[in-house]
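Report on one structure; see the data block that follows.
The values are calculated or read from the model by the stated rules, or taken from the named source; none is laboratory data. For clarity, every value in this text was computed on a predicted model and none was experimentally measured. With ideal geometry, Cβ positions are generated from the backbone for all residues, glycine too; neighbour counts draw on all protein chains shown.
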Number of protein chains: 2
Amino acid sequence: MRTLDESALDALALGAAVLGTGGGGDPYIGKLMARRALVEHGPVQVVDPDEIPDDAVCVMSAVMGAPTVLVEKLPGGGEQMAALRALEARLGTSFSHVICAEVGGLNSTLPVVAAAQTGLPLVDCDAMGRAFPEIQMSTPTLIGVGASPMALADDKGNTVVVDAVDNRWTERLARSITIDMGAAAFIALYVQTGAQVKEAMIPQTLALAESVGAAVLEARLAKTDPVLAAVERLGGIVIFEGKIIDVDRRTVAGFARGRVVLEGAQSDVGATLRIEFQNENLVAVIDGEPVATVPDLITVMETETGEPVTTEELKYGLRIRVVAAPCDSRWRTTAGLQLVGPRYFGYDLDYVPVEELVGLRRPK
Amino acid sequence: MRTLDESALDALALGAAVLGTGGGGDPYIGKLMARRALVEHGPVQVVDPDEIPDDAVCVMSAVMGAPTVLVEKLPGGGEQMAALRALEARLGTSFSHVICAEVGGLNSTLPVVAAAQTGLPLVDCDAMGRAFPEIQMSTPTLIGVGASPMALADDKGNTVVVDAVDNRWTERLARSITIDMGAAAFIALYVQTGAQVKEAMIPQTLALAESVGAAVLEARLAKTDPVLAAVERLGGIVIFEGKIIDVDRRTVAGFARGRVVLEGAQSDVGATLRIEFQNENLVAVIDGEPVATVPDLITVMETETGEPVTTEELKYGLRIRVVAAPCDSRWRTTAGLQLVGPRYFGYDLDYVPVEELVGLRRPK
């Protein structure tokens, strides 16, 4: 068990934005919300999954929708509690622990807000080991844990509780509701026992995010290379360095979809990299050849500062490095790839681990 | 108090289709469903609003969506109960009475199904005195009764409970959910005390529907004019007689929208009538002049048989008479017209009562 206070937020939010692969919303807004909650309610206790009792009642607190909208619509603060209370009422139970949906941007700090507001401990784990755009894309889905009953709440005071037959239906119904709610909704879902959390969730990813973020912050102070510092903690690789020459981004059906194109700098002069994204970065292609695909992590970081760049912040002229890292091994199984592999997202590509793709392209 | 059994269904379904002004779904399907429920569970007790205790807990059971879809997708039977049970669970209470949303097609017989399945009495009233396409278009809305908490259930086993800030938001959220559920969902909503029902609902409209339907059936047997028989019970008027020469109908955003054009026969030779509909018939225009508009009733009946024709059954060549009748007086108030007047539906028309419009056009 450890205590999480304001001092950890900079590193957590920064590292989570790296792991968030461009999605999960604006880390700055998440940090502001977490800071406000920690100032008001005091520090949050963070426990490892193996420290919680098997009969713990754990609930995921998160935000759903297009990050592009969240940037413009700072939440009021009561929505998360409204979703949690609606779900408690539906289940006729009280939650004992808060869990994290994804270590990406806003959704890595919102569970801190929920833990502070409810006074419940936060379990150090998440359901993706990165960020993904849809609800059913979670390690709990892989072992048959239901995302619903699920509650949604908006800034107007509307709440909705969904009881769906499977996690894809939960996603489908919740997505439409989220769009109606203004393209962003606060959600409570994936209620699990402690025993289920130990089996289903990916442990210590909040600690990993904090460590990655701290590496970047320390490198900035030490005037060493922040991107390489993050890459080392992450076990990843820099796959491209260059300048953004084109961004195409739309908000479609509640998602921020689009592509970004880079022209190479340094060792990549003359080459072109394209990233396709749907909230998160999904596929990176250099000169027509895929070099990294979902579910592996593809993160864009500012070349000099190592600041991670979310898909809604991509803009012409930005000098960036593109980092890839292996995903959690559960995503590389047949069931994992059916849920989050490149074909699910509409790409006519077989998944090849990023280590192999990059190894093929340029021998180390 | 009276007992409703199978023998009443023909008249009830037929008359409700007349009052349904083209909407509310296929009366034949509703009749089949009610017959099955009455055979299985026995007759239903029907009580007048003034017979129920003030602390009764009344719930509306209905179907939502595009009638065009319901024709193709006969419900399984468990969906209504699923919606009612989900709403009881949400409220932590048991319902004592079933009420009717609208006296139109399917939604006039579905409360019979709910009453039979639950064993609860059915209150003889509805919330519209006709059919309307949207949830907030109800007399309870006029006195501030909430449509939510509201439950939706589909044929796949999904249920959703909506708690919205007002009845327009309930409509908006429920409409999207309904579209996801396959453009038709079973709903439970507008939970009201007995005292509220007495104030908010329009009394004895099921009896009116049964009476109108019986008049048509009796006229057919007596070989008198079934349309005129219905018109007399309804207090309406035949505004046009002719043949359908054009139908344009689409399923848009969960509604059946479109228009039908008639060329005149009998006293209307040479004239053209156009009806615009959105599930229900909304505006009737003869040679460019409006002769009846929502919220007044506009019903299409087969010329010879008096069979009411729903908007999804309109087809080229059909010989029909168009009947108009005054709506409940609550709809003619300022608040009523804001909710269901022609301008709400996008027509640049001031509401004029049908008696005046028809009187202006052709002096009696």
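Consider the stretch B:208-247 and keep the residues that are of a type in the set (Val, Ile, Thr) and over 19 Å from B:Asp296 (Cα atoms). The one that is surrounded by the most Cβ atoms within 10 Å (Cβ to Cβ) is B:Val216. Screening the candidates A:Val260, A:Val285, A:Val322, A:Val300 for the property of being modelled with pLDDT of 95 or more, in a strand (DSSP E or B), farther than 18 Å from A:Leu19 by Cα and within 20 Å of the chain's Cα centre (by Cα) yields one hit, A:Val260. State yes or no: is B:Thr193 within 12 Å of chain A (Cβ to nearest Cβ) and within 30 Å of B:Asp54 (Cα to Cα)? No: the conditions fail for B:Thr193. For A:Ser94, the stated conditions hold: it is assigned by TED's automatic domain parsing to the domain that holds A:Gly157, touching an Asp or Glu at 6+ places or on another chain (Cβ under 7 Å), on the phi < 0 side of the Ramachandran plot and of a type in the set (S, T, N, Q).
Would you check if A:Thr205 is hydroxyl-bearing (Ser, Thr, Tyr), within 16 Å of A:Leu87 (Cβ to Cβ), buried (at least 21 other Cβ atoms within 10 Å of the Cβ) and more than 7 Å from chain B (Cβ to nearest Cβ)?
So A:Thr205 does not fit the description; no.
Evaluate the stretch A:181-191: report whether one residue or more is more than 15 Å from A:Leu122 (Cα to Cα) and part of a helix (DSSP H, G or I). There is no residue in the stretch A:181-191 that is more than 15 Å from A:Leu122 (Cα to Cα) and part of a helix (DSSP H, G or I).
Looking at A:Thr305, A:Thr272, just one residue is within 16 Å of A:Val18 (Cα to Cα) and either among the β-branched types (Val, Ile, Thr) or modelled with pLDDT under 95 (or both), and that residue is A:Thr305.
Taking A:Ala230, is it among the small types (Gly, Ala, Ser) and over 25 Å from A:Ala214 (Cβ atoms)? No, not satisfied. Filtered by the rule that a residue be in a loop (DSSP other than H, G, I, E, B) and not β-branched (Val, Ile, Thr), the stretch A:51-60 gives A:Pro53, A:Asp54, A:Asp55, A:Ala56.
Every test in (1) free of Cβ contacts under 8 Å to residues at least 12 places away in the same chain; (2) farther than 23 Å from A:Gln278 by Cβ; (3) more than 14 Å from chain B (Cβ to nearest Cβ) is passed by A:Val165 save one, and that test is (3). The residue that is nearest to the other protein chains (Cβ to nearest Cβ), counting only those in the stretch A:168-187 that are closer than 13 Å to A:Ala147 by Cβ and surrounded by 24 or more Cβ atoms within 10 Å (Cβ to Cβ), is A:Leu173. Of all residues in the stretch A:258-284, those being of a type outside the set (Phe, Trp, Tyr), crowded, with 18+ Cβ neighbours inside 10 Å and touching a residue at least 40 places away in the same chain (Cβ under 8 Å) number 13. Reported count of residues in the stretch B:90-125, each being within 14 Å of another protein chain (Cβ to nearest Cβ) and in contact (Cβ under 8 Å) with a residue 12 or more places away in the chain, is 3.
Cβ-Cβ contacts under 9 Å between residues 6 or more apart (or on different chains), taken from a first residue in the stretch A:331-354 that is at positive phi to a second residue that is of a type in the set (Val, Ile, Thr), are absent. Total residues in the stretch B:267-282 satisfying the condition of being in a loop (DSSP other than H, G, I, E, B) and over 21 Å from the mean Cα position of the chain (by Cα): the figure is 3.
Being closer than 30 Å to A:Phe186 by Cα and among the small types (Gly, Ala, Ser) is true for just one of A:Gly235, A:Gly306. Which residue is that?
On the way: A:Gly235 fails: closer than 30 Å to A:Phe186 by Cα.
One residue alone meets the criteria, A:Gly306.
Inclusion of B:Ala219 among residues that are away from chain A (no Cβ under 14 Å) and either farther than 30 Å from A:Arg168 by Cα or not in a helix (DSSP H, G or I) (or both) is warranted. Within the stretch B:97-125, the only residue that satisfies the criterion of being in contact with a Lys or Arg (Cβ under 7 Å, 6 or more places away or on another chain) and closer than 14 Å to B:Gln45 by Cα is B:Thr109. Scanning the stretch A:9-50 for residues that are assigned to a helix (DSSP H, G or I) and surrounded by 24 or more Cβ atoms within 10 Å (Cβ to Cβ) returns A:Leu12, A:Ala13, A:Leu14, A:Gly15, A:Ala16, A:Ala17, A:Val18, A:Leu19, A:Pro27, A:Gly30, A:Ala34.
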